[in-house]
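The values are calculated or read from the model by the stated rules, or taken from the named source; none is laboratory data. Note that the coordinates shown come from a computational prediction; the quantities given were computed from them, not determined experimentally. FYI the Cβ positions are ideal-geometry reconstructions off the backbone, even for glycines, and counts take in every protein chain you see. Please note that ligands, DNA and RNA were not included when accessible areas were found on the heavy atoms of the full protein model with its side chains. Shrake-Rupley method; radii C 1.70, N 1.55, O 1.52, S 1.80 Å.
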Amino acid sequence: MHYAIDFGTSNTVVARLSASGQPESVALPGLSAPLSASGVLIPSCLYVVDGATAQVWCGQEVGDRGLENDPSRCFRGFKRGLGGPLVGFVPELDGVAVPAERLGSWFLQRIWASLQQQAPAMSALTLTVPVDSFELYRQWLLTVTEGQNLPVQLVDEPTAAALGYGITEGRALVLICDLGGGTADFSLVRLEIPRRSPLQTLLRRQGVLKPTAQVLSKAGLVLGGIDIDQWILEFWQQHLGVPRNSLTLRLAERVKIALSSAEEANEFYFDDRTLQGYELTLGRSQLVDILTQRHFFQRLERGLHEVEQQALRQNLTWQDLDGVVLLGGTMLMPAVRDWLADHFASQKLYGDRPLEAIAHGAVQLPQWHLTDILYHSYGVRYWDKKYQRHHWHPLIPAGQVYPLTQPIELVLGASAPDQPAIELVIGELSEQELEVYWEENLVMTRPLSQQNWNGQPLNANQPAIAQLNPLGQPGSDRLRVTLTIDANRTLRLTVTDLLTQQTLTQDRPVARLQ
């Protein structure tokens, strides 16, 4: 049986295909929260009992034991710190640093162990990833299931949701808007299911003829509900002088959630150190003002505009949309829905099961033929003699369709006398406008004073692409490097020695690209 796990910043969902072939959420005993209108959810929180032995409580176990407000050992939002640079300190437990990757592994391995007990006949697994994630995050995610002898696939979160859109025949152009706890993702997908004929029905039943999903454009932002919680708390700090800690941040989250169904919400906080109480009140209009001052809607506009511009280059407009699917807990906020209503007709908006749709679509991935585009740019690292630092030279632009129809060629030479080898570091590139840091055992973000060109090396552990025999000398071209991307998103290189006319490396895989 096929399963899927949608690991979210605030909540995690496990899904499977039922006996009738329909997706359904899976409740894991002890980990899943009580069934609610939002569906079957596992809170993405972790309490570390003993880091040395990896003894942890996860999900609902943390709340049931009343441990969610312990700032020393309870962690939330750690997904944001995975596969990317973190500035500042790293939390410590019992004198040992615990990076986000270790926390994430403990959390997912706990879910994985519970799932294996409940589903020993699992045949395959799909894991979801944010649009803006780096390849390092994807590779880390795959390590969680290493050694299980189980086929594992990865799929972008909004793209997965498109697969569960509900089209049964014909074509549909769907825009997915996913605003969760840590990220805001947009994806434009064209779905096509061949019209039924006796032969096509037979081929589809045999798995020969699959429906197709073509990703046309996508954009991702590090922006979500955690940021809004932080802004609400900062508003209370400024106007009420309330202290900043894990509990007041949780109260900000509760007020934000309550404002989805009420015009005003309030919580009470008592500071046992100063013996002072605080009435924490917020109205919907105040929340809209906070979001506006923090450029929340402006940033969403930028992500939506990026997808629209990519669509226009393919002669598509918003008028061509058949549906706009709304996902994520942040999408439940009236202010966000009002913002979307300004862009799209109400009859095109679909918001059923916003927290479970990604997992329900991901579990159907094997039934589809999916074609995708590269989200990030890719380039090579070089040494800038003038500024005495490394820089990145882009080679493959974002939005590139793969496989490549034309390979990319580079010519390299030695930079020092009697050079024994030539290195080529290939990186995944993006413009960085935020820095990510730890605070109160929660991964937070703040804007940078200026945008940086951020590069994540993909082959830093094996940068040498050729050994030179005879040794290389400066002043002449020595290697021809041909780069290509295959249908599985794998970057491959071929290296030819121009001096000896020998092929040193043939079609060697370097890295999987996103």
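Observations on the model:
- Residues of segment 315-352 that turn out to be under 23 Å from VAL26 (Cα atoms), assigned to a loop (DSSP other than H, G, I, E, B) and out of contact with any helix residue (DSSP H, G or I) (no Cβ under 7 Å at 6 or more places or on another chain), as a count: 2
- You will find that of THR484, THR490, the residue that is open to solvent by less than 60 Å² (accessible area, probe 1.4 Å) and at pLDDT 90 or above is THR484 and no other.
- Complete set of residues in segment 264-294 that are in contact with a Gly (Cβ under 6 Å, 6 or more places away or on another chain) and among the acidic types (Asp, Glu): GLU264
- Number of the exception - SER44 against (1) touching a Lys or Arg at 6+ places or on another chain (Cβ under 7 Å); (2) without any contact (Cβ under 8 Å) to a residue 12 or more places away in the chain; (3) of a type outside the set (Phe, Trp, Tyr): (2)
- Within segment 405-415, tally of residues that are under 17 Å from TRP383 (Cα atoms) and open to solvent by less than 40 Å² (accessible area, probe 1.4 Å): 4
- Elements of type strands (runs of 3 or more DSSP E) contained in segment 408-460, each with 1 or more residues being modelled with pLDDT of 65 or more and under 18 Å from the mean Cα position of the chain (by Cα): 426-439, 442-457
- The single residue among THR159, THR168 that is at pLDDT 85 or above, under 30 Å from LEU321 (Cα atoms) and polar (S, T, N, Q) turns out to be THR159.
- On the stretch given as segment 493-514, residues that are among the aliphatic types (A, V, I, L, M) and either over 21 Å from SER377 (Cα atoms) or open to solvent by 70 Å² or more (accessible area, probe 1.4 Å) (or both) total 4.
- Residues in segment 228-244 that are open to solvent by less than 30 Å² (accessible area, probe 1.4 Å) and polar (S, T, N, Q): GLN230 only.
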